[in-house]
Structure formats: structure tokens, C-alpha cells
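The values are calculated or read from the model by the stated rules, or taken from the named source; none is laboratory data. Since the structure is predicted, the reported quantities are computational estimates derived from the model, not experimental observations. Heads up, the Cβs are rebuilt from the backbone with ideal geometry, glycines too, and the neighbour counts pull from every protein chain shown. What goes into the accessible areas is simple: the full protein's heavy atoms, side chains included, and nothing from ligands, DNA or RNA. Shrake-Rupley method; radii C 1.70, N 1.55, O 1.52, S 1.80 Å.
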Amino acid sequence: MKNIKVLLFACFAALALTSCFDDMDDNIIPASTLEINDFVWKGMNVFYLYKSEIPDLADNRFATDEEYNNYLNDFDSPEQLFESLKHNPETVDRFSRIYDNYFDLLNQLSGTTLNNGIEFNLYRVPGSQTEVYGAITLVLNNSVADNLGLQRGMIFRAVNGEPLNDSSIDDLSDPIYQDSYTLNFADYNDNNTPESTDDTITLNGESADLTKVVYTENPVHISQVLNVSNDNIGYLMYNGFNRDFDAALNDAFAQFQAAGVSELVIDLRYNGGGSVQTAAYLGSMVTGQFTGEIYSKLFYNENLSNNNQDFLFTNSIEGVGAINSLNLSKVYVLTTERRTASASELVINSLSSYIDVVVIGENTVGKTQASRTIYDSPDFSFENANPSHNYAMQPLIANSTNVNDQLVPSNGLQPDIQLTERAHTLGTLGDVNEPLLAAAIANITLSDRSVNLPNEEIVSRPLPTIISPLEQDMFID
């Protein structure tokens, strides 16, 4: 068995997988669950970034085929096996995932989901340890919520007439996580004091019925040019590094280029990541003077180290054409603690080696690893995937660094200007008075603009809640 494993690895190292498993797959995995478990182990054995930390993934782990089959038989499901192979899932590998239906995954990767068009944060009601309220942070363009007239900053206290509470918000059975529900809105009153202890939240009788529909999000949420103190400031709110919308991103920079933008604010506060390649394109759009130089690097596990790769600054986008570059030497990036992750952090980390990157907001998530979708096929690609099941995996397979081999710290990238969003003063995205954008403009124009930097002791921070399956992921195409 050991010699067979060595032969398998020789095939994997070149990532040119053909029929390496033929001698092991002949009638040794008769059951569907075992067949999928076989796929899970082999995929993790080849690609997993932390393979050397998992004894069960060693190439010489099994002496015989029988021992290997008995091992797979010990797991009742592919998910159970997959979870057992993750390295320190609470602290290190918080991001590797397995999916039982890769068609849903493919839709999500293209930006298509069941969606009602709102994103929100949940908070405890001031003075309570159990009661919860929500604040809409984002309304997606041309979505159900947008067509209903919902806006960022609207407060809701109940769902389907039932007040939200702390014990239910992390439960998928809670109505707020269902396909259809009614939001019951409320008014937030801070009583004109800086303390939150006397703040009140009162239902106001208004409500909205929301139903999730099939929706494809263009991640270029806002692209506009602001003229402030004779500075042409480009503002881009970008919510996901999606290869299907590379042209839309490039068009936004054509707008900036035509307007003579000399300062740029990239809003990544709700951007959990996406394609490494698109992140490299964005860096090339911001700059333009570094074409051909290394933008970021990927380092694979020790068995696949020959496949380590560099992403370069470039002047063109595959399938789109020439990149619209601004040749900037400074850029401003807006961030939040729970949402700015992976490819967003890659942009900050990679550009910081070349230009001045001013980060405004909160510490980012702290995810430096990249994933790839692994299918049950001879070369682990989508082509010729096993038709008997729809499982796919997205294990962490590489570490991403900047040109100087610096990782994103596990505790995130620290902002240069610390500023936390407050539920009842969120402001309108793209408005010069919205707190995070106002802080960037103040720095650009060297003006005060009376930016309110809240005392961290009185800021109500969002509660941990269930997030999208692809949130905080970074993909290798």
C-alpha cells in the first residue's frame, strides 16, 4: 500500500491526474458513502495545506487496502470524515468546507443565490442581556428589498411579530433565516446622550414582507466620483471578487479614469473575498506602474511545493481586454471586523508592499489561506466528475503572501484609523457624511469634517450570527 501511495503522489505533484487510482478503485468501495469517503480522503491527501499536521493523511498511513477500507468504514458520512481531517478547526482551519451539492456551490460562486436583498447586523437591546434588534447594513441593487424601498440603517425589533431574542439568533429555525418572513421595524432613540444605557428601541408599526428569490449580485455595488475641495475622489463599494463581473469592475475604473480621479476609496467593509485572480486585477487597476512585477504569492503544501505560483500586476484581463489603471501611489480601504476577509485582505496586504494603503474601520478577519473546489474526478476538476454523487470540497490548499512573503496576520490587519459602525448612525453608503467615507475624505483633504470617532467603551458591537457559506473564502480558479 505504501508504494501505491507514493505512485499516487507522483501523479498529483504535476497536477496532471489521469488513472493513478485505477488499481485501488477496482471493486473495493462498493457503497456510495464509502465511495464519497474515498474521494474525501484522496482529495485531502493531495491538496490539504496542513497535510503534514494530520497523521491520517500521511502517504504511508495505510499498510494494506483492507486497512484503508476499514478506516473509511469508521465514518458514517463524508462530512464526519472531512471534519476529522481538519487541522485545529477552532483556531487555524476555520474555513475548509464540504458541500453535498456542488451545483448550489457553483451558483454561489457565480453570485447567484436565493436572496431577498438585505444584509443586517444583530445587536442586544441596550440594557438587556437577552433581547435583540437588527439594523439593515446593506440593500442590494434591484433586489426584492430594494424594490420595496428598504434602506440601510432601518431598525427592526421583531420578525413575524415575534421579538428577537439572544437565544434564537444562531438557530437556523429562527424565522429570520427562512425564505419568507416579515420584518417589524422600530425607532431607535439615543435620547441625545453618548451613553447607550438610556437608549430605547420602540416598534413603530411599520413592516415589510420579504421573500427570497433567485438573485445574481453584481459585486460592484456603488461606483461614483465625488468632487470635494477640488479633489476628484473615486468611491467604489465592492462586495465580492467574482470573475464573472471582472468587466463590470474594469468599467468602474474606466469611469474613474475618464473623470481624472486622483484619490480612491475602496469600500470592502462587507466583502468576504472571492477570486485570487480578480484580487490581482483590482490591484492592477489601482496602480498600473508595476506591470509584470509580483503582486502576491501562493504557497502549497510540501508535497505540492513545485506548484507554488505568483500572481503578477498585469495590464489586461483574460476575456475582457486592457485594464483601466489609475497609476495611484495611495489608496484608502474601508473595513469591518467580521466581514472584510481573504481576497479583500490580500489586496491590502499585497498593495501595501508597493503603495501607501490607508485602512479605515476595524481589524479585518485574518484569513490568509486560499481554497480550491475539489470534485470527485480523475484530476479533481469538474470535468468527468463522478455522476453518482454531487459532493465537492473546498479545503484550504495554499497560503497567500505579498511579494515580501508576509502573511495576513491571523488576528487581522489593523486599521490606520479606527472607526466602528454604530447601528443607529450607519449613514448612506457613498454619501460624503457617511462616517467611514467621511473619515477617508477628511484624511484626503486634510480637513476635520467633524468625524465622530466613537468611544469604544460605548459602541454596541454586532452579535455573532450565521453567515453565508462562502463568506470569508478566497478561491483559486
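Residues of the range 23-35 include at least one that is open to solvent by 10 Å² or more (accessible area, probe 1.4 Å), at pLDDT 50 or above and in contact with a helix residue (DSSP H, G or I) (Cβ under 6 Å, 6 or more places away or on another chain).
Of the residues making up the range 319-330, one or more are crowded, with 20+ Cβ neighbours inside 10 Å, within 24 Å of Asn232 (Cβ to Cβ) and small (Gly, Ala, Ser). For the range 262-293, a residue qualifies if it is outside any helix (DSSP H, G or I) and under 13 Å from the mean Cα position of the chain (by Cα), and the qualifying residues are Leu268, Arg269, Tyr270, Asn271, Gly272, Gly273, Gly274, Ser275. Only one entry in Gly134, Gly153 is closer than 22 Å to Asp267 by Cβ and either part of a loop (DSSP other than H, G, I, E, B) or touching a helix residue (DSSP H, G or I) at 6+ places or on another chain (Cβ under 7 Å) (or both), namely Gly153. In the condition set (1) open to solvent by 30 Å² or more (accessible area, probe 1.4 Å); (2) modelled with pLDDT of 95 or more; (3) within 30 Å of Ile36 (Cβ to Cβ), Val432 is compliant with all but (3). Taking the stated definitions as given, is Val359 open to solvent by less than 10 Å² (accessible area, probe 1.4 Å), at pLDDT 95 or above, in contact with a helix residue (DSSP H, G or I) (Cβ under 7 Å, 6 or more places away or on another chain) and closer than 30 Å to Phe103 by Cβ? In short, no. The set of residues from the range 386-430 being of a type in the set (A, V, I, L, M, F, W, C), in a loop (DSSP other than H, G, I, E, B) and more than 30 Å from Gly134 (Cβ to Cβ) comprises just one member, Val403. The C-beta contact set for the range 87-111 (first residue within 9 Å of Asn390 (Cβ to Cβ) and at pLDDT 90 or above, second residue open to solvent by 80 Å² or more (accessible area, probe 1.4 Å) and not β-branched (Val, Ile, Thr), distance under 9 angstrom, 6+ apart or interchain) comprises Tyr102/Phe382. Residue-level check: of (1) open to solvent by less than 10 Å² (accessible area, probe 1.4 Å); (2) more than 27 Å from Ala258 (Cα to Cα), Ser350 misses just (2).
Restricting the range 112-144 to residues that are aliphatic (A, V, I, L, M), in contact with an Asp or Glu (Cβ under 8 Å, 6 or more places away or on another chain) and buried (at least 17 other Cβ atoms within 10 Å of the Cβ), which is nearest to Leu429 (Cα to Cα)? Ranking the candidates gives Leu138 first. Within the range 59-79, the residues that satisfy the criterion of being open to solvent by 30 Å² or more (accessible area, probe 1.4 Å) and assigned to a loop (DSSP other than H, G, I, E, B) are Asp59, Asn60, Arg61, Ala63, Thr64, Asp74, Phe75, Asp76, Ser77.
Scanning the range 81-96 for residues being touching a helix residue (DSSP H, G or I) at 6+ places or on another chain (Cβ under 9 Å) and open to solvent by 50 Å² or more (accessible area, probe 1.4 Å) gives a total of 3. Pairing each residue of the range 308-326 that is assigned to a strand (DSSP E or B) with any residue that is aromatic (Phe, Trp, Tyr), provided the two are 6+ apart or on different chains, yields C-beta distances under 6 Å for Phe311/Tyr295; Leu312/Tyr295; Ile317/Tyr281. If you filter the range 201-216 down to residues that are open to solvent by less than 60 Å² (accessible area, probe 1.4 Å) and part of a strand (DSSP E or B), you find that the one that is farthest from Phe156 (Cα to Cα) is Tyr215. Could we say that Leu298 is open to solvent by 60 Å² or more (accessible area, probe 1.4 Å), in contact (Cβ under 8 Å) with a residue 24 or more places away in the chain and more than 19 Å from Gly234 (Cβ to Cβ) here? Here the answer is no, as Leu298 does not meet what is asked. Annotation note: Cβ proximity below 8 Å between a residue of the range 363-386 that is free of Cβ contacts under 8 Å to residues at least 24 places away in the same chain and among the charged types (D, E, K, R) and a residue that is surrounded by fewer than 19 Cβ atoms within 10 Å (Cβ to Cβ) and assigned to a loop (DSSP other than H, G, I, E, B) (sequence gap 6+ or interchain) occurs for Glu383/Ser377. For beta carbons closer than 7 Å, sequence separation of 6+ or different chains, a first residue in the range 222-246 that is touching a residue at least 24 places away in the same chain (Cβ under 8 Å) and under 20 Å from Thr137 (Cβ atoms) and a second that is in a helix (DSSP H, G or I) and open to solvent by 40 Å² or more (accessible area, probe 1.4 Å), the qualifying pairs are Ser223/Gln255.
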